[in-house]
Amino acid sequence: MMIAAPVHAADDDGGRAGSRADVVLSAMLASRPILISHPDLWYRSLGKRAYENKAPVTAFPLFLRAAGFADKPSQAIIAVMYWNGDGVKRDRPRAYAWMDLAASRGYPEMVAQRELYWKELGPTERAEALEVGREIYAEYGDAVALKRLDGALVTAWRKGVLGSRTGFVGTGGTLLTPGNSEFAALQSNPYELMKQYEDGLWRAQDYARLKDIEWLGTDRYGRVTVGDLQQAPAVASPKDSPAPSGGK
């Protein structure tokens, strides 16, 4: 059942990108108004609660709702539930198709699980998985699900959450972090850090990118680093160049 925790590879910001995303998303989970305004996280949290209460039949449709808003962890959980017949009739081809969708943004744990499922499937099951996968992508693929999520976020943003675009209502809980760096100070106040991502929390593409950082540990879109200025080597002038053969 458990999907592995996100990985955090070092990046150009000293490995902080994934950690920042963790803090922001954790703060969102801790703020009920914001959590409710993000249906991907809201329905996943409800599904998780039901599953932990040993009610997988109740949990499954909740994860399905979250999956409809492009939530990759929920899509992966659905795959696992189908694979094990946990709360739903066992269906290995459908499990593969769901894990393939969950892995579509390149999260390593989900990609690895997808490949394990594929190896277990027989030829007939593989053909069925590809067929059912087209149906699942048509309803839950990012091309559709992110638009659905964007609509929900825009609606919540226009209404305002607690009178604020981010629902920020103070410092909330405090996470004590050693060190005196700027990041440590922000980390001690997760809601303050969340404000830095204010606009991106309400646009599906930017919000999905934040979740990518959480799972990949770096910005999947890459970045360009400009180094220190360097002294270019001197270029010889024409009068210093050797004459061509023939004396001309």
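Worth a mention:
- Residues in region 72-97 that are touching a helix residue (DSSP H, G or I) at 6+ places or on another chain (Cβ under 6 Å) and within 21 Å of GLN205 (Cα to Cα): LYS72, SER74, GLN75, ALA76.
- On inspection, ALA129 fails the criterion of being within 16 Å of the chain's Cα centre (by Cα) and without any contact (Cβ under 8 Å) to a residue 40 or more places away in the chain.
- Taking the criterion of being assigned to a helix (DSSP H, G or I) and in contact (Cβ under 8 Å) with a residue 40 or more places away in the chain, the residues of region 37-80 that qualify are SER37, PRO39, ASP40, TYR51, ALA67, LYS72, PRO73, GLN75, ALA76, ILE77, VAL80.
- Matching residues in region 87-111 - criterion: being part of a loop (DSSP other than H, G, I, E, B), buried (at least 18 other Cβ atoms within 10 Å of the Cβ) and under 13 Å from the mean Cα position of the chain (by Cα): TYR107
- Of the criteria (1) free of Cβ contacts under 8 Å to residues at least 24 places away in the same chain; (2) farther than 30 Å from LEU210 by Cβ; (3) of a type outside the set (Val, Ile, Thr), which one ALA95 fails: (2)
- Complete set of residues in region 120-145 that are farther than 14 Å from ALA95 by Cα and not in a helix (DSSP H, G or I): GLY141
Read-outs throughout are calculated quantities, based only on the coordinates presented, and are distinct from any laboratory measurement. On a predicted model such as this, the values are computed, not experimentally measured, just so you know. Reconstructed Cβ throughout: ideal geometry from the backbone, glycine too, with neighbour counts over all protein chains shown.
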